[in-house]
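**Q** Below are the structure tokens for one structure; questions will follow.
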Amino acid sequence: MHLEPHEAATLPRHLLEAHVVSLVRQCPSLRALRGAHARLLRLRLPRLTYAFALSKLLASSAASTSTSYARNLFDQIPEPTTFCYNSLIRALSASSDPTKDAFLLYRGMLRAGAPPPNSFTLAFTIKACAVVPALGEGQQLHSQAFRHGLEPSPYVQTGLLNLYARCEEVALARNVFDGMIEDKNLVAWSSMISGYSRLGMVNEALDLFREMQAAGVDPDEVTMVSVISACAKAGALDLGRWVHAFIDRKGIKLDLELSTALIDMYAKCGQIERARWIFDEMVERDTKAWSAMIVGLAMHGLAEDALGLFSRMLQLKVRPNNVTFIGVLSACAHNGLVDDGRRYWSTMQEMGIKASLENYGCMVDLLCRSGLLGEAYSFVTDMPILPNSVIWRNLLVASKSSNRIDIVELASKKLFELEPQNSENYVLLSNLYASNSQWDRVRYMRKMMKDNNVTVVAGCSSVEINGHMHKFVVSDGSHPEIKEIRLVLREIADRVLRAGHKPWTEAVLHDVGEEEKEVALCEHSERLAIAYGLLKTKAPHVIRVVKNLRFCPDCHEVTKIISKSYDREIIVRDRVRFHRFIGGSCSCKDFW
């Protein structure tokens, strides 16, 4: 119904408000809302009715991306209600600084004379904090929820659970999850599973997923992306296959995001052929799908395939992004393709794609791996953005066999400034001194670590056996089958010795005897995991290991011998790339 000003003046308030609601509902866009706002202004509505109209416009604008328009509407309301505050807080979730904007508005509600917050107020504010995410502000809101008696609200609890999960505070998230009084909804289950997934806690994520099914809650695409992501991070192929079969069995729609997650999972679990099959079967592919496939191929050292796929992507007019170029540049780095890497770097700049720190890191990695330390150093010092710790660490590692003391000193100084508590920085510098038998300096670095309460992150490797991830750290004696594992290790040592291998004891950076160094090498985490794989599986089962650090050089040589001596295929995913061992050789061609 179209109203003229003189007609509006004769209508009772409830009919005017009904007209306002009808008008706002017919606005599918921000432009239409602005048009409706202009028509309402022409009607010269009474003060209370106009305030009501503004609140409805504000509520509708919360779904748009124009936070400035929402703020303008809010400022025109003489006495904003809790509903108005909630609408603006919801709109501010899309601002450039959602935590600050939404949190400040919420604090404004707590002043005298403002309407009291309700469960939706807290839920919307918590959601805004989860975007960043901001743990400190979220915990303050948790306290506020308790103080106002709103903590039992399922909206507040779900919001807190999602916030803590996004902050990787899984213990706090689990406390909220376990304390949910009403039946847990799909969002709560998915958020908790996502929290475990973010930390690669695949066993916990899968256990909770099974509990979810037992509780009669049907998963959706979002849930399955989290479960698949957990399998990808842990390298749990058998579990990933089971989840994929579950998706097919339950008829869950394979949308773009879920298909991309499956590509990522199979690639990170060492089945790059399966990842490629899923990619090729996709009817529609976006930039994320192309990027996932290119990054996966690069991780496996398949540079020719990765770069070929990138060329095809450009031919099909699919615009790449930063992640795409991470895959392209890392493919060049893993195969020493310096000229190609320089060319693709220029291509990225010509396309107007702003380089991220990860892109810069890939170029530095490429130059360092190829022995171009001087060029890498110049590249870093000319960067328009401040280099991060990863870039400085690459320079420090590359300078190990050089005489560039200036680079060593600058890189170590920057690392200690950026990450004074990161043990890896101390270990890298200590290793550099140890490789030159500078044991006094090694001891000094250890003293610095002790004085600064820095603890070393141990090398950790995991292997999947019968759908369960078994984790090992160096010289790990905690596994229930450690006696049997050590028997396999002794057998491996005998076969390796007969093959003529001499232990590369330089990998043990301690001032101890050669015999002690050889013993230490035998119980590196990746060897324990491979030994357990040999103990529990038979050929042709592929042994798949995931390691949190880079592959030890001596363990790399030994694994080549194991693959030939035992006639077993062994795939190891370290922090940098995949190593596929077959018949005594590795897919990396000893360049990693």
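The values are calculated or read from the model by the stated rules, or taken from the named source; none is laboratory data. Everything numeric here is computed off the predicted structure, so don't read it as measured data. Quick reminder, even Gly has a Cβ in these numbers, built from the backbone with ideal geometry, and neighbours come from all protein chains shown. To get the accessible areas, we keep the full protein, side chains included, count just its heavy atoms, and leave off ligands, DNA and RNA. Shrake-Rupley method; radii C 1.70, N 1.55, O 1.52, S 1.80 Å.
**Q** Looking only at segment 467-492, which residues are assigned to a loop (DSSP other than H, G, I, E, B) and either modelled with pLDDT of 95 or more or on the phi < 0 side of the Ramachandran plot (or both)?
**A** Listed by number, the residues that qualify are 474, 476, 477, 478, 479, 480, 481.
**Q** Now, a different point. Looking at 151, 204, 221, 168, which one is on the phi > 0 side of the Ramachandran plot and among the acidic types (Asp, Glu)?
**A** 168
**Q** Within segment 230-247, take every residue that is closer than 23 Å to residue 168 by Cβ, of a type outside the set (A, V, I, L, M) and in a helix (DSSP H, G or I) and give me the one that is most open to solvent (accessible area, probe 1.4 Å).
**A** The extreme case among them is 233.
**Q** Any idea which of 475, 461 is crowded, with 19+ Cβ neighbours inside 10 Å and among the hydroxyl-bearing types (Ser, Thr, Tyr)?
**A** After ruling out the rest, the residue left standing is 461.
**Q** Answer yes or no: is there a residue in segment 250-267 that is under 18 Å from the mean Cα position of the chain (by Cα), at pLDDT below 95 and at positive phi.
**A** no
**Q** Moving on. Do any helices (runs of 4 or more DSSP H) lying entirely in segment 343-408 carry at least 2 residues that are surrounded by fewer than 16 Cβ atoms within 10 Å (Cβ to Cβ) and free of Cβ contacts under 8 Å to residues at least 24 places away in the same chain, and which ones are they?
**A** 373-381
**Q** Further question on the same structure: Tell me which residues, restricted to segment 42-67, are under 20 Å from residue 132 (Cβ atoms) and at pLDDT 75 or above.
**A** 67
**Q** In segment 432-458, how many residues are touching a residue at least 12 places away in the same chain (Cβ under 8 Å), touching a helix residue (DSSP H, G or I) at 6+ places or on another chain (Cβ under 8 Å) and not small (Gly, Ala, Ser)?
**A** Qualifying residue count for the region: 12.
**Q** Let me ask another. Output the number of the condition that residue 171 fails; it satisfies all remaining conditions of (1) hydrophobic (A, V, I, L, M, F, W, C); (2) free of Cβ contacts under 8 Å to residues at least 12 places away in the same chain; (3) within 18 Å of residue 222 (Cα to Cα).
**A** (3)
**Q** Considering only residues of segment 511-547 that are modelled with pLDDT under 90 and touching a Cys at 6+ places or on another chain (Cβ under 8 Å), which is farthest from residue 462 (Cα to Cα)?
**A** 521
**Q** Moving on. Quick check on my filter: what residues within segment 92-129 are among the aliphatic types (A, V, I, L, M), under 18 Å from residue 70 (Cβ atoms) and outside any loop (DSSP other than H, G, I, E, B)?
**A** Those that are among the aliphatic types (A, V, I, L, M), under 18 Å from residue 70 (Cβ atoms) and outside any loop (DSSP other than H, G, I, E, B): 92, 102, 104, 105, 109, 123, 128.
**Q** Next up: Assess whether residue 274 counts as being open to solvent by 60 Å² or more (accessible area, probe 1.4 Å), in contact with a Phe, Trp or Tyr (Cβ under 7 Å, 6 or more places away or on another chain) and part of a helix (DSSP H, G or I).
**A** Here the answer is yes, as residue 274 does meet what is asked.
**Q** All but one of (1) buried (at least 22 other Cβ atoms within 10 Å of the Cβ); (2) farther than 25 Å from residue 232 by Cβ hold for residue 310; which doesn't?
**A** In the conditions (1) buried (at least 22 other Cβ atoms within 10 Å of the Cβ); (2) farther than 25 Å from residue 232 by Cβ, residue 310 misses (2) alone.
**Q** Do we find that residue 428 is out of contact with any His (no Cβ under 7 Å at 6 or more places or on another chain) and either over 22 Å from residue 337 (Cα atoms) or open to solvent by less than 20 Å² (accessible area, probe 1.4 Å) (or both) in this structure?
**A** Taking the combined requirement at face value, the residue satisfies it.
**Q** Find the residue count for segment 544-575, including only residues that are open to solvent by 40 Å² or more (accessible area, probe 1.4 Å) and outside any strand (DSSP E or B).
**A** The number of residues fulfilling the criteria is 11.
**Q** Name the residues in segment 465-488 that are more than 21 Å from residue 552 (Cβ to Cβ) and touching a residue at least 24 places away in the same chain (Cβ under 8 Å), would you?
**A** 465, 466, 467, 468, 481, 484
**Q** Please verify whether segment 73-87 includes one or more residues that are modelled with pLDDT of 75 or more, among the charged types (D, E, K, R) and outside any helix (DSSP H, G or I).
**A** Looking through segment 73-87, at least one residue is modelled with pLDDT of 75 or more, among the charged types (D, E, K, R) and outside any helix (DSSP H, G or I).
**Q** Going by the structure shown, is residue 126 among the β-branched types (Val, Ile, Thr), surrounded by fewer than 19 Cβ atoms within 10 Å (Cβ to Cβ) and under 30 Å from residue 227 (Cβ atoms)?
**A** When the stated conditions are applied, residue 126 does not pass them.
**Q** Let me ask something else. Tell me which residues, restricted to segment 88-109, are aliphatic (A, V, I, L, M) and modelled with pLDDT of 85 or more.
**A** Once the filter is applied, which keeps residues that are aliphatic (A, V, I, L, M) and modelled with pLDDT of 85 or more, segment 88-109 yields 88, 89, 102, 104, 105, 109.
**Q** Kindly provide the set of residues from segment 309-322 that are outside any loop (DSSP other than H, G, I, E, B) and closer than 22 Å to residue 358 by Cβ, ordered by number.
**A** 309, 310, 311, 313, 314, 322
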